[in-house]
1. Filtering segment 130-145 down to residues that are open to solvent by less than 30 Å² (accessible area, probe 1.4 Å) and in a loop (DSSP other than H, G, I, E, B), which residue is nearest to residue 52 (Cα to Cα)?
2. Which numbered condition trips up residue 46, out of (1) exposed (fewer than 15 other Cβ atoms within 10 Å of the Cβ); (2) more than 10 Å from the ligand (Cβ to nearest atom); (3) at pLDDT below 95?
3. Give me a count of the residues in segment 11-34 that are over 14 Å from residue 85 (Cα atoms), open to solvent by less than 20 Å² (accessible area, probe 1.4 Å) and in contact with a helix residue (DSSP H, G or I) (Cβ under 7 Å, 6 or more places away or on another chain).
4. Could you please find all residues in segment 50-96 being at pLDDT 95 or above, open to solvent by 70 Å² or more (accessible area, probe 1.4 Å) and of a type in the set (Ser, Thr, Tyr)?
5. Residue check: is residue 26 among the small types (Gly, Ala, Ser) and under 22 Å from residue 145 (Cα atoms)?
6. So for segment 23-34 (the condition being at pLDDT 95 or above and within 11 Å of the ligand (Cβ to nearest atom)), does at least one residue qualify?
7. Does residue 105 qualify as being farther than 23 Å from residue 130 by Cβ and open to solvent by 60 Å² or more (accessible area, probe 1.4 Å)?
8. Any residue at all in segment 114-122 that's exposed (fewer than 13 other Cβ atoms within 10 Å of the Cβ), touching a residue at least 12 places away in the same chain (Cβ under 8 Å) and within 16 Å of the ligand (Cβ to nearest atom)?
Amino acid sequence: MKRIKAIYPGSFDPPTNGHLDLIERGSKIFDELVVAILRNPEKDPLFSLADRRKMLEAMTSGFDNVSVDTFDGLTVDYALRVEARAILRGIRALSDYEYELQMALMNRKLQPGLETVFMMPAEKYSYLSSRLVREVAQLGGSIECLVPDLVEQKVREKIDVAHKFANREQSAGKTPSEGKSKFRKKKL
Ligand code: PNS
């Protein structure tokens, strides 16, 4: 019987418990699942590609049929390169649907043989996104239970470093706009 390999592409900046939930579900229906992190220099991510890869590798080490990889360019080209037959994507709420449908149909136009499979994460993660995790953490809120412990620690480290940097600049008399910290410069 033919083995079915799927990719789960995304930015994973940072990976959350919602991503992990979907990986677990995907690992149960596909023979092989590759978590594929998009290398997207335009997005100015909080975590480097290497950091995101390390976090995802640690998070998925318990799954025999899950691996982690990085890619750039079109998702469909990457899928073809690794001989995947499906793209796994999560849908949390109706609001995700329009964007996901658009992407799935475009991917189908580009590569008709490749199927997109949508799965729903557990309801408790239906409001969870990497963007909100970054924002809540940056503003001092707790991200416990939203991300795995190792990710929580990494996010905290990042934010502490950024705050130290910002404080140092402030004591040096620089205005916020002169600073280089992405926590002040960029809306997370
Ligand atoms: O986690 P994200 O940011 O929602 O993931 C979006 C992702 C990486 C799946 C999407 O941006 C993507 O596939 N990018 C690769 C470029 C591409 O194939 N673009 C055409 C999509 S129809």
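1. 143
2. The failed condition is (1).
3. 6
4. Matches in segment 50-96: 61 only.
5. Here the answer is yes, as residue 26 does meet what is asked.
6. First pass over segment 23-34, keeping only residues at pLDDT 95 or above: 23-34.
Going one step further and asking which of them are within 11 Å of the ligand (Cβ to nearest atom), we end up with none.
No, segment 23-34 has no match at all.
7. Values: farther than 23 Å from residue 130 by Cβ: yes; open to solvent by 60 Å² or more (accessible area, probe 1.4 Å): yes.
Judged against the criteria, residue 105 is a match.
8. Step one: list which residues in segment 114-122 are exposed (fewer than 13 other Cβ atoms within 10 Å of the Cβ), which gives none.
Within segment 114-122 (the criterion being exposed (fewer than 13 other Cβ atoms within 10 Å of the Cβ), touching a residue at least 12 places away in the same chain (Cβ under 8 Å) and within 16 Å of the ligand (Cβ to nearest atom)), the answer is no, since none of the residues qualifies.
The values are calculated or read from the model by the stated rules, or taken from the named source; none is laboratory data. What you see is a predicted model, and the numbers here were worked out from it, not measured in a lab. We place every Cβ from the backbone using ideal geometry, glycine too, and count neighbours over all the protein chains shown. Surface areas here come from the heavy atoms of the whole protein model, side chains and all, with no ligands, DNA or RNA. Shrake-Rupley method; radii C 1.70, N 1.55, O 1.52, S 1.80 Å.
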